[in-house]
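Shown next, in structure tokens, is the structure this report addresses.
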Amino acid sequence: MQLPAVYNLTGLNIGLVILRFAVGVTMIAHGYNHIWRGGKIAGTAGWFESLGLRPGKLHAWMASLVELGAGTMLIVGFLTPLAAAGVVGVMMVAILTVHRFNGFFIFRPGEGWEYTGNLAMAGLALGAMGGGRWSVDRLIKLDLAGLPGLATAAVGGIGGAVLLLAIFWRPPAKDKPAADS
């Protein structure tokens, strides 16, 4: 018995659904944690303020809602390159504000950029691949795979992160040693 072509059980289609699901669930968990767990949105806002992202409450809500929205969109494969841009953008902000000076490995003091870097690269890959056969994008006949999808994820994510940081990020000054008199 042959399956209808709509199922097309190729490795690419199966892998794409797995990757969309894994990254999507991870992003939803991040957003959920920022809003409803730990210090909740107030704690997240305070942490963002301590990083120099002001106003902290605005950035806490923006990051959390992008994580929830992008994660959900990836799981169902809706506007996949745009959802991927959300992942790339949030992870680039995390890399540039927190993780870049701590080395590669996440288990290093201060947490390295391995985790955030891999999520950002997965976002770029998802943007390039698009939603695939088993996605809302496919149902609505929106094919942004290839260079248009990659460009959307890269320009939207990296460009959005750079623009946000240029406008809102004022890193706290490092303590300077006292000058000898």
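Numbers for the structure displayed
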{"quantity": "Segments 49-59, 77-87 sorted - mean Cβ within 10 Å per residue, highest first", "calculated": "77-87, 49-59"}
{"quantity": "Charge dipole of the chain about the Cα centre (unit charges at C-beta), most positive-ward option of G156, V23, V136", "calculated": "V136"}
{"quantity": "Cα gyration tensor shape of segment 8-106, rounded if a/c is under 1.5, else prolate or oblate by comparing a/b with b/c", "calculated": "prolate"}
{"quantity": "Added length on full extension, which subtracts the Cα-Cα distance from 0.36 nm per residue, I140 to V162", "calculated": "4.8 nm"}
{"quantity": "Diffusion constant of segment 104-155 at 10 °C, which comes from Stokes-Einstein with the Kirkwood Cα-pair radius and 1.306 mPa s, µm²/s", "calculated": "130 µm²/s"}
{"quantity": "Extension gain, N33 back to E114 (0.36 nm per residue minus Cα-Cα distance, nm)", "calculated": "27.1 nm"}
{"quantity": "Alpha-carbon spread of the chain, three principal axes, descending order, Å", "calculated": "87, 30, 29"}
{"quantity": "Cα centroid of segment 96-111 to Cα centroid of segment 115-167, whole Å", "calculated": "24 Å"}
{"quantity": "Whole-Hz ³J(HN,Hα) from phi, Karplus 6.51 cos²θ - 1.76 cosθ + 1.60, for segment 22-35, glycine and proline x", "calculated": "4, 5, x, 5, 4, 5, 4, 4, 4, x, 4, 4, 5, 8"}
{"quantity": "Value of [θ]222 nm, deg cm²/dmol, for the chain, DSSP H segments ≥ 4, -39500 (n - 2.57) each, nearest 500", "calculated": "-19500 deg cm²/dmol"}
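Any read-out appearing in this document is the output of simple, stated calculations on the displayed coordinates, not a laboratory observation. Computed from a prediction, not measured in an experiment: that's the story for all the values here. Here Cβ is always computed from backbone atoms with ideal geometry, including for glycine, and neighbour counts include all displayed protein chains.
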